[in-house]
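What follows draws every value from the coordinates through simple rules; no lab data is involved. Quantities reported herein were computed from a predicted structural model and do not represent experimental measurements. In this analysis, Cβ positions are derived from the backbone assuming ideal geometry, glycine residues included, and neighbour counts consider all displayed protein chains.
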Amino acid sequence: MMSVSRRKFLGWLGAAGAGVISGGAANAASNKHFKGYPDSLGVLHDTTLCVGCRSCEAACNKVNALPAPQQDFTDTTVLERKRRTDSAAFTVVNRFKQSESDKQPVFVKKQCNHCLEPACASVCFVGAFKKSPQGAVIYDESVCVGCRYCMIACPFEIPAYEYDKALTPRVVKCTMCHPRVLEGKLPGCVEACPKEALLFGDRDKLIKAARKRIERFPERYVDHIYGEHEMGGTSWLYLSGSSFEQIGMREDLGVTPAPKFTEGILGAVPVVAGLWPVLLTGIYAVSKRKDKVAQEEQSQAVSEAVTQAESQADAKLKKALALAKKEKEMAVKKEVKKALDKATLAKKEAKKKAQEEATDAEK
Amino acid sequence: MSEEAVLNTNPITPPAQSLYTPFNVVAGIILIVGFIVTILRFTGGLGAVTNLNDNYPWGIWIGFDLLAGVALAAGGFVTSAAVYIFGMKRYHSAVRPAILTGFLGYALVVIALHYDVGRPWRLPYPFIAQQGTTSILFEVAACVALYLTVLFIEFSPAAMEWLGLRRARNIVIKLTMVLTIFGVILSTLHQSSLGAMFLIAPSKLHPLWYSSHLPVYFFISSIIAGLSMVIFESSLSHRYFAHKMDQTHLDEKEGVAFGFAKAAALVLFGYFAIKVVGIAMDNNWHYLTTGYGAWFLVEMLGFVALPCFLYAVGAREKNLNLIKWTSALAVLGIVLNRLNICVIAFNYHLPSDEKYVPHWMEIAISLFVVTLGVVAFRFIVTRMPILYAHPDYQEEH
Ligand code: SF4
Ligand code: SF4
């Protein structure tokens with residue numbers, strides 16, 4: 001008890017943390033984990049009972065009003081090559097032989113497995129696929145754009161496309177006879193199977209029934225119910241006498257529901273949208289600041305250079321001025337001296353003249 | 001083409017020579033064939049012109065036109081981020097051609113999608129009819145639609161200068177910073193999400209290409225694609241539109257090539273390293289000895305490691321020619337990577353006779369779309385101030 005509530009608490013804590021990190025949009029973007037609708041219906045296909053009569057194919061063709069096939073449904077030569085579902089066949093039966101001479105081939109019916117958490121539904125960008133509470137995965141052609149991402153995503157290679165229609169191409173696949181089931185009828189294929197290789201009912205009960213068969217006849221079945229956990233579980237379940245790989249069913253799909261593969265990415269959207277602007281503006285600010293600093297440094301350098309140049313020019317000027325002054329002074333001195341010289345000369349001459357005059361007067 | 005007619009009446013363009021230049025003839029043939037196939041596609045459905053089938057719902061229209069197209073159009077966000085956010089002003093003259101290439105690239109991606117989806121008139125449905133918010137494709141669609149708008153606005157000043165709408169132009173120029181940041185966010189999201197689209201199919205994509213790091217790989221390789229496309233586009237422009245380039249553009253051109261080559265070498269190195277780490281983490285070494293492994297090695301060595309080395313050499317030795325050819329190699333490498341993921345290594349478990357090979361008409365439409373882009377690019381750079389600064393607005397650059 002303690003550990004459960006503790007785990008729960010940690011779960012909440014984690015969820016709250018994730019919510020804080022990724023913001024509100026994450027919830028809108030992520031697929032809530034869910035384990036299928038309670039009491040949803042399914043079909044158990046016991047391949048050990050299938051005789052490859054193709055009655056199910058014929059019934060499917062009829063109830064879904066599909067185009068008539070090229071070869072009649074009673075013609076078993078079509079079993080010679082492996083087929084897949086296409087736009088004219090929601091279901092196909094394939095034959096598997098262990099060797100060329102194998103006298104006891106295995107027949108396997110293939111159709112949409114109606115996953116509990118369908119890849120096709122999780123990838124459709126208009127939400128054209130819905131898992132119904134009854135179990136069927138239903139397609140709404142009125143919104144489908146035709147991107148065919150659902151076909152890329154489906155791990156069981158089921159949805160097909162009407163490539164030959166120019167205006168109204170649709171994705172086509174088994175509906176698990178949803179309309180018939182709502183009317184209380186059996187799916188067409190289940191109703192038509194003469195060998196009870198198909199069993200329709202409550203998925204949980206089908207799993208119990210399948211397990212009981214495995215327990216009762218351990219030599220007849222491999223101990224695995226295909227579809228119980230594959231890709232998170234499917235509404236269609238399979239029993240086999242040999243390994244599923246040998247009857248054309250992939251065993252490497254794992255148990256992770258498809259939506260889980262992309263959840264992390266969608267959760268990252270708000271993080272990117274929230275963090276990038278902050279980061280980028282930061283980088284911008286830094287680079288701008290770098291620019292500014294560089295600019296400042298530059299202008300400072302310029303002004304320094306200017307003042308230096310100025311002071312240099314100043315000094316030069318002063319020197320020149322001083323020189324000029326000195327020169328002027330010298331010139332003045334020279335003039336003065338000249339004048340003085342002249343004056344002394346004149347004085348001397350005057351003196352001389354006066355002396356001469358004096359001597360003249362004496363005579 | 002009517003394009004030539006417009007050319008002749010426009011006084012800005014130099015007098016057009018003969019209509020029958022090799023470029024015009026080849027482009028003309030591709031456009032005519034494309035036009036005919038277009039009619040077939042929309043009257044006969046996808047089956048009439050493609051080899052798509054139920055196992056291969058996506059062919060080269062997704063692998064090349066969408067995935068490679070979006071990656072190669074990353075030059076717009078890479079260059080504007082470098083110049084406006086990281087402040088590398090010396091690459092300024094590369095912004096407008098890169099934005100133009102990006103804008104045309106995204107516009108063409110959207111056009112190509114109209115061919116690929118079954119009911120193209122419903123393309124707005126994810127926004128107006130019903131939102132499939134659990135879909136990565138929904139995120140991609142939203143981001144591409146928004147980013148195309150952003151690129152259009154970022155490109156519009158060139159058109160406005162051409163048309164003389166000074167007031168409107170000045171308003172948009174003021175938005176540069178906001179648009180750039182918005183563009184980087186949107187690009188980060190959808191470039192990586194294109195890779196994330198394949199996360200849903202671990203059972204179909206070969207383990208050497210499938211990785212939970214696909215979104216990271218796609219984002220990083222889109223930077224390589226963007227840088228390489230800028231170099232590639234600028235060398236082509238220089239060859240054919242040199243007369244349209246102003247002195248600044250000519251002066252900065254080499255610097256752009258050297259700088260971008262150095263950056264691309266670094267990113268390629270990082271890309272190579274994280275791919276190796278990815279293989280080590282998933283312990284996928286043993287696949288390398290298979291046929292797909294050999295092909296993977298071709299991609300990794302020939303189209304990642306080799307261009308990385310050549311870019312580094314080219315940047316160090318200032319060898320413009322080498323850089324030019326390396327950019328083409330790197331661009332091819334991105335195309336190859338996207339085709340590998342979408343087509344070649346997809347459904348690796350199917351026998352070879354069930355594998356998809358494109359119909360020639362699919363290739364014709366892809367060529368048609370590329371040609372539309374080249375013609376539009378030529379139309380715009382011969383008229384609008386893309387490779388030169390408009391004389392009336394020079395001081396404001
Ligand atoms: S089997 Fe395929 S088509 Fe059917 S529900 Fe699952 S994912 Fe969808
Ligand atoms: S093809 Fe239709 S149903 Fe399938 S994912 Fe696209 S829109 Fe949805």
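Values for this structure:
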item	result
Residue order, fewest to most surrounding Cβ atoms within 10 angstrom, among B:Asp392, B:Asp282	B:Asp392, B:Asp282
Diffusion constant of segment B:207-277 at 4 °C, which comes from Stokes-Einstein with the Kirkwood Cα-pair radius and 1.567 mPa s, µm²/s	94 µm²/s
Cross-link partners of A:Lys318 among lysines (Cα-Cα below 18 Å; sequence separation of 8 or more within a chain)	A:Lys326, A:Lys328
Shape parameters for the protein assembly as shown, alpha-carbon atoms, Rg then Dmax in Å	39.2, 187
Calculated diffusion of chain A, Stokes-Einstein form, Kirkwood radius summed over Cα pairs, 25 °C and 0.890 mPa s, µm²/s	87 µm²/s
Cα-based convex hull volume of segment B:120-198 per residue, rounded to whole Å³	116 Å³
Selection from A:Ala309, B:Asn337, B:Ile99 lying farthest towards where the dipole of the protein assembly as shown points positive, charges on Cβ	A:Ala309
Cross-link pairs A:Lys110/A:Lys185; A:Lys260/B:Lys262; A:Lys290/A:Lys319; B:Lys275/B:Lys318 - those with Cα-Cα distance over 31 Å	A:Lys260/B:Lys262; A:Lys290/A:Lys319
Cα Rg, Dmax, segment B:21-396, angstrom units	20.7, 64
Order of B:Ile380, B:Ile171 - criterion: other Cβ atoms within 10 Å of each residue's Cβ, fewest first	B:Ile171, B:Ile380
Above-threshold pairs, the threshold being 28 Å between Cα atoms, out of A:Lys195/B:Lys204; A:Lys130/A:Lys195; A:Lys62/A:Lys130; A:Lys292/B:Lys253	A:Lys195/B:Lys204; A:Lys130/A:Lys195
Taking B:Phe303, B:Phe35 and counting other C-beta atoms within 10 Å, the order from fewest to most	B:Phe35, B:Phe303
Eligible aspartates and glutamates near A:Lys288 by straight Cα distance, threshold 18 Å, same-chain separation 8 or greater	A:Glu296, A:Glu297, B:Glu396
Formal net charge of residues neighbouring B:Leu268 (Cβ-Cβ distance under 12 Å; K, R +1; D, E -1)	+2
Chain B - percent relative contact order, Cα under 8 Å, separation 6 or more	28 percent
Equivalent ellipsoid semi-axes, segment B:298-397, via Cα gyration tensor eigenvalues times 5, rooted, Å	36, 24, 10
For B:Ala389, distant residues with modelled amide H under 5 Å away	B:Asp246
Per principal axis, descending, Cα span of segment A:100-214 in whole Å	45, 40, 23
Test item: Cα-centred dipole of segment B:21-396, Lys/Arg +1 and Asp/Glu -1 on Cβ, debye	500 debye
Gaussian network model of chain A, Cα within-10 Å springs - most flexible of A:Ser242, A:Ser132, A:Ser287	A:Ser287
Eligible aspartates and glutamates near A:Lys212 by straight Cα distance, threshold 17 Å, same-chain separation 8 or greater	A:Asp46, A:Glu196, A:Asp202, A:Asp204, A:Asp223, A:Glu228
Selected from B:Gln131, B:Gln191, B:Gln247 as most flexible by GNM, with chain B as the system and alpha-carbon contacts under 10 Å	B:Gln131
Most fluctuating residue given options A:Ser99, A:Ser311, A:Ser87, as computed from a GNM of chain A linking Cα atoms under 10 Å	A:Ser311
Cβ neighbours within 10 Å from other chains - mean over B:55-61	4
Sites A:Glu304 and B:Leu329, calculated FRET efficiency, Cβ-Cβ separation with R0 45 Å, nearest 0.05	0.35
Mean ellipticity per residue at 222 nm, deg cm²/dmol - from DSSP H runs of n ≥ 4 across the protein assembly as shown, formula -39500 (n - 2.57)	-19000 deg cm²/dmol
Cα-Cα P(r), segment B:206-364, percent of pairs per 10 Å interval	10, 35, 29, 18, 6, 1
3J(HN,Hα) from dihedral phi, segment A:194-204, Karplus parametrisation 6.51/-1.76/1.60, rounded to Hz, x for glycine, proline	x, 10, 6, 6, 10, 10, 9, x, 4, 4, 4
